[in-house]
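Take a look at the structure below.
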Amino acid sequence: GDNEKTVDALMEKAEKALEENGAEGDDEEIDGTKVTTWSFKNGGGDKPNQLVYFIKDTMLVATSDLDTAKGVLARLDGKHSDTFADNDNYNLILEKCSTDDEDGLFVWYINPMGLVQAGIQQAAAQNPQVALIAGAVLEPLGLMSLKAMGGSADMATEQFDGITKTFFVIEQPTKGLLNVFQFPAI
């Protein structure tokens, strides 16, 4: 938007800090967009950690994986068949967290149980008992009812320095730990 110079200055400072801390940068062009990948040591692991970012139109996109950045870039025009536009939980969070009919300067969305299940699948490839143990723990705690969480943040609005909103999508009826969030109607 109107803050392109500010974003460029911040990214320049971030790149300088990454370089000073031993990170190595690499640029590549994907579908006409410059994508920058910074790789840095992760404390002895085989694969280095990454920070991948690109700026497209008025959007700054940052991720920890080049394949994810490519996927976001492919979907940015909204014409891809697999986007968040069809995700009911994401759309509900956008609706509930909008300010003055706008999504916000920064919008975030997490499928927490999807992340946990992906982690369990990776661990189960090494040890199949992990999936059994995780299922036995997550279900009684009621955590499987947590479908999504997300929110938005706005800065320098007409009335406030900043506004943040967070919304949880929880399947009803809740049980286990999620019962903590049930308050009497008073």
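The values are calculated or read from the model by the stated rules, or taken from the named source; none is laboratory data. Since this is a predicted model, take the numbers as computed values, not measurements. Using ideal geometry, Cβ is built from the backbone for each residue, glycine included, and neighbour counts are taken over all protein chains shown. Heads up: the accessible areas ignore ligands, DNA and RNA and are worked out on the full protein's heavy atoms, side chains in. Shrake-Rupley method; radii C 1.70, N 1.55, O 1.52, S 1.80 Å.
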Quiz item: Of these, GLU139, GLU95, which one is of a type in the set (Asp, Glu), assigned to a helix (DSSP H, G or I), open to solvent by 50 Å² or more (accessible area, probe 1.4 Å) and at pLDDT 80 or above?
Solution: GLU95
Practice problem: Evaluate segment 38-51: report whether one residue or more is under 23 Å from GLY150 (Cα atoms) and of a type in the set (A, V, I, L, M). | Solution: yes
Self-check item: Any hit, segment 142-154, residues being over 15 Å from the mean Cα position of the chain (by Cα) and closer than 30 Å to LEU10 by Cβ
Solution: yes
Quiz item: Has segment 36-53 got at least one residue that is open to solvent by less than 50 Å² (accessible area, probe 1.4 Å), among the acidic types (Asp, Glu) and either free of Cβ contacts under 8 Å to residues at least 60 places away in the same chain or in contact with a Pro (Cβ under 6 Å, 6 or more places away or on another chain) (or both)?
Solution: no
Practice problem: Report yes if some residue within segment 118-130 is open to solvent by less than 60 Å² (accessible area, probe 1.4 Å) and in contact (Cβ under 8 Å) with a residue 12 or more places away in the chain; otherwise report no. | Solution: yes
Practice problem: For MET149, indicate whether it is buried (at least 17 other Cβ atoms within 10 Å of the Cβ) and modelled with pLDDT of 85 or more. | Solution: yes
Quiz item: Does segment 65-72 contain any residue that is of a type outside the set (A, V, I, L, M, F, W, C), exposed (fewer than 12 other Cβ atoms within 10 Å of the Cβ) and modelled with pLDDT of 85 or more?
Solution: yes
Quiz item: Are there any pairs with C-beta distances below 6 angstrom linking a residue in segment 159-186 that is free of Cβ contacts under 8 Å to residues at least 24 places away in the same chain to a residue that is open to solvent by less than 90 Å² (accessible area, probe 1.4 Å) and not in a helix (DSSP H, G or I), with the two at least 6 apart or on different chains, and if so which?
Solution: THR164/ALA153; PHE168/MET149
Exercise. May I ask you to verify whether ALA74 is within 24 Å of ILE55 (Cα to Cα) and either part of a helix (DSSP H, G or I) or among the polar types (S, T, N, Q) (or both)?
Key: yes
